[in-house]
Structure formats: C-alpha cells, structure tokens
1. Please go through the stretch 57-72 and give me each residue that is part of a helix (DSSP H, G or I) and surrounded by 22 or more Cβ atoms within 10 Å (Cβ to Cβ), ordered by number.
2. Enumerate the pairs (first residue in the stretch 103-128 and in contact (Cβ under 8 Å) with a residue 12 or more places away in the chain; second residue anywhere and outside any loop (DSSP other than H, G, I, E, B) and aromatic (F, W, Y)) with beta-carbon separation below 7 Å, excluding pairs fewer than 6 apart on the same chain, so at least 6 apart or on different chains.
3. Given the options S85, S139, name the one that is small (G, A, S) and either in contact with a Pro (Cβ under 9 Å, 6 or more places away or on another chain) or over 22 Å from S44 (Cα atoms) (or both).
4. Among G23, G35, which is under 16 Å from the mean Cα position of the chain (by Cα), closer than 16 Å to A125 by Cβ and surrounded by fewer than 20 Cβ atoms within 10 Å (Cβ to Cβ)?
5. Does the stretch 28-87 hold any residues that are on the phi > 0 side of the Ramachandran plot and either in contact (Cβ under 8 Å) with a residue 40 or more places away in the chain or β-branched (V, I, T) (or both), and which are they?
6. Say we look at the stretch 38-55 and pick out the residues that are of a type in the set (S, T, Y) and farther than 12 Å from M124 by Cβ; which of these is surrounded by the fewest Cβ atoms within 10 Å (Cβ to Cβ)?
7. Of everything in the stretch 1-18, what is among the aliphatic types (A, V, I, L, M) and surrounded by fewer than 16 Cβ atoms within 10 Å (Cβ to Cβ)? Give them in sequence order.
8. Please determine whether any residue of the stretch 142-155 is buried (at least 16 other Cβ atoms within 10 Å of the Cβ), at pLDDT 90 or above and assigned to a loop (DSSP other than H, G, I, E, B).
Amino acid sequence: MVASPLYNTDGSALGSPGLASCGGLFRDYNATFLGGFSINIGNSYALHAELIGVMNAIEIAHSKVWNNLWLESDSHLVNLAFKSSLIVPWKLRNRWFNCLELTKTMYFRVTHIYREGNCCADRMAALGINVNGFFWWNSVPPSVQGDYINNLMGLPSFRFH
C-alpha cells in the first residue's frame, strides 16, 4: 500500500453562531506540504465549520485521486460523526453521506489529534476569515510557516490564553 497523505483539519466560529471558517493542509509521509485550503463559510456554528472542513478534505483527496487518506481532527464530535451520522446537522447530512461513500473508495482512516498538535490546521482555518469563499494554497502560507517548520522538527506547540 502507498503511504497515506495526512490531512489535518480545523474549523472555528467566533460566536454561536458567528463568523466561521475552516481549513487544513495535506502532507505526504515525509510531512512535505502537498497543499491546503481556507474557507470563509459566513455565519455558522463551530461544528458546521469542523464538518465542512472534513468534507472538503475528502472531496479534494478524491478529486486528486489520493486514494489513501489519513484525516486528523482535534474535534471529538467530528470523530464521532464517522460512527454516528446523527451528530451531523441535517443541513449537512446529504453532503456528509456523499463523502462517506467517497471514503469507501479509499484507504481511509480518521483519528483524533490534540489541539496542540493541530496548530498548522488551526492557522489555516483562521486564514479563512480573511478570504472570499474557498482559497487553495499551493505552498505553506507565510503566517503558517513558523508552526509548520516547528512541526517538521518535532518541536512542541503550546497554547496559552
């Protein structure tokens, strides 16, 4: 089996509901950046943003014929949604079911990652607030480069509030 592209995803909303965005990045088995995206989804909820990020990742991987996909999310609800679609809001269910069908054509794996390990995806999602709709990144955005390099070197990422 070919090594799986790794995809880290994140979503956020500034309120409940509030201005929401999602994003993430694809890397190969050497952690080389394959691409990433940021999406401004307007006024929504954090769970919607998380799920929209995951659905975009699955659709992009399928369109690029990346048939091996390991998805990491810091949202326990996203991970649970793969076990029970009842968690998925009804507005997103049709697209969610279509994505689940796409995963059946892949070697697909989804796992949880702690927020501290998901800092690059968190920054990609934050970029979504400032874009119009969907934006694809062919190289690591400047505001993500520091975290990306630290991640490559295996350095920790701490979140202080």
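The values are calculated or read from the model by the stated rules, or taken from the named source; none is laboratory data. The model shown is predicted, which means the values in this text are computed figures rather than measured ones. Note: ideal-geometry Cβ built from the backbone for every residue, glycine included; neighbour counts use all protein chains shown.
1. Looking only at the stretch 57-72, we keep the residues that are part of a helix (DSSP H, G or I), and these are 57-63.
Selection gives A57, I58, A61.
2. Qualifying pairs under 7 Å: R109/W70; C120/Y148.
3. S139
4. Values: G23 fails: surrounded by fewer than 20 Cβ atoms within 10 Å (Cβ to Cβ).
Being under 16 Å from the mean Cα position of the chain (by Cα), closer than 16 Å to A125 by Cβ and surrounded by fewer than 20 Cβ atoms within 10 Å (Cβ to Cβ) holds for just one of G23, G35, which is G35.
5. A31, G35, V65 - these are the residues of the stretch 28-87 that are on the phi > 0 side of the Ramachandran plot and either in contact (Cβ under 8 Å) with a residue 40 or more places away in the chain or β-branched (V, I, T) (or both).
6. In the first step, residues of the stretch 38-55 are kept if they are of a type in the set (S, T, Y); the result is 38, 44-45.
After this cut, where a residue has to be farther than 12 Å from M124 by Cβ as well, the list is 44-45.
Values: S44: 21, Y45: 17.
The selected residue is Y45.
7. Taking the stretch 1-18 and keeping what is among the aliphatic types (A, V, I, L, M), we get 1-3, 6, 13-14.
Matches in the stretch 1-18: M1, V2, A3, L14.
8. no
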